[in-house]
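All of the numbers you see were taken from the coordinates with simple rules; none came from a lab. This structure is a prediction, so every number in the text was calculated from the model and none was measured. Backbone-built Cβ (ideal geometry, glycine too); neighbour counts: all protein chains shown.
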Amino acid sequence: MMQIERLAEGIRRREIPALARGISLVENGGDGFEKLLSALHEDLGRAHRIGLTGPPGAGKSTLVECLIRGYRKTGKTVGVIAVDPTSPFTGGALLGDRIRMESATSDPSVFVRSMATRGAGGGLSTTTREVCDLLDAFGFERILIETVGVGQSEIAIAATADTAVLVLVPESGDGVQVMKAGIMEIADIYVVNKADRPGAERVKKEIEIMLGIRRGQAYRHVAPHHRPQLVGPQGGQPAVPVRQDDSWEPPVILTSAVKGEGIESLLDALEKHREYLERGGELERRRRERIARLTREVVDRTLRQLVWSESDAEVHLASGLERVWRGERSPYEVASEIVAAVRKEIADGA
Ligand SMILES: Nc1nc2c(ncn2[C@@H]2O[C@H](COP(=O)(O)OP(=O)(O)OP(=O)(O)O)[C@@H](O)[C@H]2O)c(=O)[nH]1
Ligand SMILES: [Mg+2]
């Protein structure tokens, strides 16, 4: 316990070794990792968390390196998490910079961490979110989370960010595929990277058309009284007319990460989205939702732990399996016997 307190203190004091130890503890679900996260909870909420997802090889890591350089120019500190990377970061130069920065000052500005393993403590998205929390508590102003793929688990990871960026490329009709996969719903910014190759403009148009169609459909199902109203603070007409629709229109940005082109536009869009989130109360809504989701997941994993590691469920399972094998029980009957036994254990023990 004291050790955990010290670790939390070290992270607050921006000590890289403490951060690294904290991340390992969280990744492995080691002793006291939840206490650490709990202690740091009050330090959260300062970072802008940005998720970048997209198909393998789309240039996400190269873009991340460009963004780091962009943020460093304006003096912002950046933490990076690469989840299940299929290829390492290419930027030897970047790494060199990082080491120089770290040794030149006790206030490290860039920290890059790969998460090659799934968290032992819970699902990948929960663990990613918890590692993000450590980076946030440490004080990084921008946190970039890179994930490969456009499937459900990547969507879940992207949903732990404040801003979700989907990185596509001109080839292979990615646009259409991704829209069909439904990842569309979560992206706040679209990037067509490798715009130095042919077809980028066409993919951009495709995405914009699809975004337009979605928007049109979305409004048809909204009853008029649910639309934002032009009312002032006292319910009358406002002195300054507010825009009736302050919803976010996801921009589609062309970049060439290898040439460093379009990066300013992307940085600009990211800042605009952050401002939008703060202005309209959307940031608070997203963060509340995230806290609810996290709490549910922590309850889930605590219950799993309670059942499978701290009760006699495994013993009941072993004897139950024999009966299933002999044809005396179905697995469902055994499962409900296990649940009943665990309930009784808890009731008796509590
Ligand atoms: N032509 C071109 N190539 C690029 C661009 N951006 C990245 N690449 C190249 O694409 C390859 C993959 O780049 P990465 O940045 O590793 O892509 P990634 O999306 O992080 O890849 P994974 O993490 O393995 O999914 C590398 O060879 C890059 O040099 C670009 O804008 N134009
Ligand atoms: Mg990568």
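Report the FRET efficiency, 1/(1 + (r/R0)^6), for ARG279 and ASP43, where r is their Cβ-Cβ distance and R0 is 25 Å, rounded to 0.05. Don't skip to the answer; put the middle values down first.
Values: r = 24 Å, r/R0 = 0.96.
Taking R0 as 25 Å, the efficiency between ARG279 and ASP43 is 0.55.
For the pair ARG13 and ARG290, a Förster radius of 30 Å applied to the C-beta separation gives a FRET efficiency near 0.70, rounded to the nearest 0.05. For segment 259-336 versus segment 39-68, the inter-centroid distance based on Cα atoms is 20 Å. What you get for segment 269-350, charging only the Cβ of Lys and Arg (+1) and of Asp and Glu (-1), is a dipole of about 500 debye around the Cα centre. Excluding same-chain neighbours fewer than eight residues apart, the lysines reachable from LYS60 by a Cα-Cα span under 29 Å are LYS73, LYS76, LYS180, LYS194, LYS204, LYS205, LYS259, LYS272. For ASP268 and VAL339, the difference between the fully extended length at 0.36 nm per residue and the C-alpha to C-alpha distance is 20.3 nm. Placing R0 at 51 angstrom, the Cβ-Cβ distance between ALA347 and GLU208 gives a FRET efficiency of 0.30 after rounding to 0.05. Straight-line reach from LYS344: taking Cα to Cα under 18 Å and skipping same-chain neighbours fewer than 8 places apart, the aspartates and glutamates in range are GLU310, ASP312, GLU314, GLU333.
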